[in-house]
Amino acid sequence: MNTILVIALILAMAATLFALIRGIIAFLQTTKEELNLPEGAVRPSSLKQNKMMLNRILFQAAAIIIVAILLLSKGHG
């Protein structure tokens, strides 16, 4: 069981890093034209940034939950 949780933890951490990097890349790809759009206009790069950062938060939460499960199982073992 612990082996599966450790593998899941590594995958969750890798997914967190991947989402973080993709979010930063989306931020860096924001064009000058997008920045000059009127207020309230939907920017494609902003949508991608928000999606990647939401994914990062979800993967981080999964990693924290897995760590908590591992710690609880070590405490009872």
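What to note about this one:
- Which listed residue, of 19, 26, is in contact (Cβ under 8 Å) with a residue 24 or more places away in the chain, closer than 20 Å to residue 61 by Cβ and surrounded by 14 or more Cβ atoms within 10 Å (Cβ to Cβ): 19
- Qualifying positions in region 30-66 - part of a loop (DSSP other than H, G, I, E, B) and either modelled with pLDDT of 95 or more or aromatic (Phe, Trp, Tyr) (or both): none
- Verdict on residue 69 being part of a helix (DSSP H, G or I), on the phi < 0 side of the Ramachandran plot, among the β-branched types (Val, Ile, Thr) and under 19 Å from the mean Cα position of the chain (by Cα): no
- Check on residue 8, of a type in the set (Gly, Ala, Ser), modelled with pLDDT of 85 or more, under 9 Å from the mean Cα position of the chain (by Cα) and under 27 Å from residue 71 (Cβ atoms): no
The values are calculated or read from the model by the stated rules, or taken from the named source; none is laboratory data. Every value quoted in this text rests on a predicted model; they were computed, and no experiment measured them. Glycine gets a Cβ as well: all are built from the backbone with ideal geometry, and neighbour counts include every protein chain shown.
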